[in-house]
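Comments concern the structure below.
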Amino acid sequence: MKSLSLAISAILFLIALGTFYTVEESQVAIRFQFGRVIETDIQPGLHFKVPLIQEVRKFDRRVLNLDSKPERYLTSEKKDVNVDFFAKWRIKDVRAYYQATGGNEISALQRLNPIVQEAIRNEINQRTLADVVGGERTNLAERFVEVANVATRSLGIEIVDVRIKRIDLPEDGQVIASVFERMRAERLRVANELRAEGQEISETIRSNADRQRVVLVAEAERDAQRLRGEGDAQSTAIFASAYGKDPEFYGFQRSLDAYRNAFSDGQGVLILDKESEFLRYFENAERRR
């Protein structure tokens, strides 16, 4: 009798275990009866089901991560870019999610990845490389989410966010060469501007130096002329003073200088009138003898 009651208690305990089930705070559940869905979106808490007839499956309703490998896309200019991205998603309609993926998260990721890639491809194809790399990251992320959610509605999945981690230029493409060429042209333009500015400054300095040189030379020439004039005036005054003291000696000295200049090469020939004053000191010398 005692063993029978124990057996009945065990059976009742197992039935109770099969009757009640709990859904965690991070989960959402779906209930089946003979393989047919009879209740979806079961919220967290303690719930009841018919043992052996009904079955419950639970799914993670938290925000999950889709991390894909970098993919190559074309911009509106037909330039290649490698885009590394990740997406955040969660289950929105558990019935549609189960029917589309069988409740398998790996299968869901396999269905979700090409959808997000196609959304990214469509948006990048409509933008230039400068827009993709530049300041439109926020707008791009919003468009990725909007476009991807249209396609994932049938999967019972909601895309929460799509973010670009990194954008690279393919090493085997022509984009890097064109970027380097643009950088080289920009650096050359800056260098030419600096050279032009330096040339302008150089010309300004040179013209200022030339102007100062002309002014200095002119001032020096003016001072030299003034000094020459003063020297000539003093020389003339000295000669005049000396001439005034002894005119005869001054005349004799001047004649000697003239003789020296006339006969300095030793081959000079002078044809003079006998009454010329040029040789009068020679005549005086003969008379003195």
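Every number in this text was worked out from the coordinates using simple rules, so none of it is lab data. Quick caveat, the model's predicted, so the values are computed rather than measured. We place every Cβ from the backbone using ideal geometry, glycine too, and count neighbours over all the protein chains shown.
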(message) How large are Rg and Dmax for the range 64-170 when calculated on the C-alpha trace, in angstrom?
(response) 14.1, 43
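If you place +1 on the Cβ of every Lys and Arg, -1 on the Cβ of every Asp and Glu, and leave all else neutral, what size is the dipole of the range 64-170 about its Cα centre, to the nearest 20 Debye? Mind showing how you got there, number by number?
Details: 17 positive and 16 negative charges, 30 e Å.
In debye, rounded to 20, the range 64-170 gives about 140.
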(message) Suppose each label sits 7 Å from its Cα in the direction of the beta carbon; what would the LYS78-ARG260 distance come out to in nanometres?
(response) 9.8 nm
(request) Just add up the charged neighbours of GLN199: K/R +1, D/E -1, any other residue whose Cβ is under 13 Å from the Cβ of GLN199. (result) -2
